[in-house]
1. Can you confirm whether PRO57 is more than 13 Å from the chain's Cα centre (by Cα), open to solvent by 60 Å² or more (accessible area, probe 1.4 Å), under 20 Å from PHE124 (Cα atoms) and not acidic (Asp, Glu)?
2. Would you check if there is a residue in the range 105-116 being at pLDDT below 95 and out of contact with any strand residue (DSSP E or B) (no Cβ under 8 Å at 6 or more places or on another chain)?
3. Is there a residue in the range 162-174 that is within 27 Å of ALA86 (Cβ to Cβ), hydroxyl-bearing (Ser, Thr, Tyr) and surrounded by 21 or more Cβ atoms within 10 Å (Cβ to Cβ)?
4. Taking the range 176-205 only, how many residues are of a type in the set (Gly, Ala, Ser), open to solvent by less than 50 Å² (accessible area, probe 1.4 Å) and free of Cβ contacts under 8 Å to residues at least 60 places away in the same chain?
5. Show the residue pairs that are 6+ apart or on different chains and have beta-carbon atoms under 9 Å apart, the first residue being within the range 29-53 and open to solvent by 60 Å² or more (accessible area, probe 1.4 Å), the second being assigned to a strand (DSSP E or B) and among the aliphatic types (A, V, I, L, M).
6. Select, from LEU52, LEU70, LEU42, the only residue that is modelled with pLDDT under 95 and closer than 29 Å to PRO203 by Cβ.
7. For residues that are open to solvent by less than 20 Å² (accessible area, probe 1.4 Å) and either under 19 Å from the mean Cα position of the chain (by Cα) or within 17 Å of THR153 (Cα to Cα) (or both), tally how many sit in the range 92-105.
8. Is it true that some residue in the range 3-15 is in contact with a Pro (Cβ under 6 Å, 6 or more places away or on another chain), in contact (Cβ under 8 Å) with a residue 40 or more places away in the chain and either of a type outside the set (S, T, N, Q) or surrounded by 13 or more Cβ atoms within 10 Å (Cβ to Cβ) (or both)?
Amino acid sequence: FTPTGTPTHTGVTNPFNIGSLTAATSYTFYVQADCGGAGPSLWSGPKTFTTLCNAYPAPYLEQFSTWPPLCWDLTGGTLSWMQYSAGAVQCAKANFWSQSAGNTDIMTTPVIDVTGMATPALKFDWSHLYSATYPLDGMDVKVSDDNGATWTTVWTKVGAAFNSGDGAGNTTPGTFVNSGIIDLSSFGNMLLIRFVGNSGWGPDA
C-alpha cells in the first residue's frame, strides 16, 4: 500500500515489539528514521514479516484440503512433500516415483498442545505399494517435545513392511490403512510430529 506519511508508532527503539498481532499472519510495514535536526529520513519499505504460529490444542486433525497446510514446515529434506488431490481424496504425498533413491521428504506439524489429555496419542492413515524392484522405500514418524532439538521415532516401515495392501499403485493411493493408535504419553505437553519419507525410487507414499 502507499504509506499515509503519518506514523502509527513514534519515538520507538530498535528492536521494537508490537503486541496484539494475529498469529501466522504476514504484515507489511514502512519505517522512517528520526535524523534529529536534519528531520526525518525518507520512508523505507515495504518490508514484510510473518508472525509465528500459536500452538494448536489437541485434539488436532489435518486433512490436507489446502496446501501447504497452515503452520506446517515442509523444509529439511532433500525434497518436499506435496499435495495429492483427486476427487474426494486429498492427502500429502512423498513423490518417490519421480525422485532418486536416497532422497528424503520431510514435513513437520505445528506445535500441538496436548495439555489435559489423559492419554495423548497419534493416529494417521497411509498408503504405499511395495515394489521388489525398488525395495528401499520407507517412512519414519518422529516426535519431539523440545521444539525439534531431539526426535524420537515412534513408527517406522521400510521395504516389504511398507506395503499397505489397499490397492495403492505407483503414483496413486489406495483406500488407505490406519497406523493404529500410537501412545504419546511418555512425552511432554508441547509436541511436534515429523513425517520422514525415505525414497528408494519406488512408488509414491
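The values are calculated or read from the model by the stated rules, or taken from the named source; none is laboratory data. Since the model is a prediction, treat every value here as computed from it, not as a measurement. Note: ideal-geometry Cβ built from the backbone for every residue, glycine included; neighbour counts use all protein chains shown. For accessibility, only protein heavy atoms count, side chains too; no ligands or nucleic acids. Shrake-Rupley method; radii C 1.70, N 1.55, O 1.52, S 1.80 Å.
1. Answer is yes for this residue.
2. Within the range 105-116, the subset at pLDDT below 95 is 116.
Next, only the ones that are out of contact with any strand residue (DSSP E or B) (no Cβ under 8 Å at 6 or more places or on another chain) stay: 116.
Yes, some residue in the range 105-116 is at pLDDT below 95 and out of contact with any strand residue (DSSP E or B) (no Cβ under 8 Å at 6 or more places or on another chain).
3. No, there is no match, as no residue in the range 162-174 is within 27 Å of ALA86 (Cβ to Cβ), hydroxyl-bearing (Ser, Thr, Tyr) and surrounded by 21 or more Cβ atoms within 10 Å (Cβ to Cβ).
4. Taking the range 176-205 first, the residues of a type in the set (Gly, Ala, Ser) are 179-180, 185-186, 188, 197, 199-200, 202, 205.
Narrowing further to those that are open to solvent by less than 50 Å² (accessible area, probe 1.4 Å): 179-180, 188, 197, 199-200, 202, 205.
With free of Cβ contacts under 8 Å to residues at least 60 places away in the same chain added as a condition, the list becomes 179-180, 188.
Number satisfying all stated conditions: 3.
5. Close Cβ pairs (under 9 Å, with a partner that is assigned to a strand (DSSP E or B) and among the aliphatic types (A, V, I, L, M)) amount to TRP43/VAL31; LYS47/VAL31.
6. LEU70
7. 4
8. Initially, the range 3-15 is screened for residues in contact with a Pro (Cβ under 6 Å, 6 or more places away or on another chain), giving none.
Within the range 3-15 (the criterion being in contact with a Pro (Cβ under 6 Å, 6 or more places away or on another chain), in contact (Cβ under 8 Å) with a residue 40 or more places away in the chain and either of a type outside the set (S, T, N, Q) or surrounded by 13 or more Cβ atoms within 10 Å (Cβ to Cβ) (or both)), the answer is no, since none of the residues qualifies.
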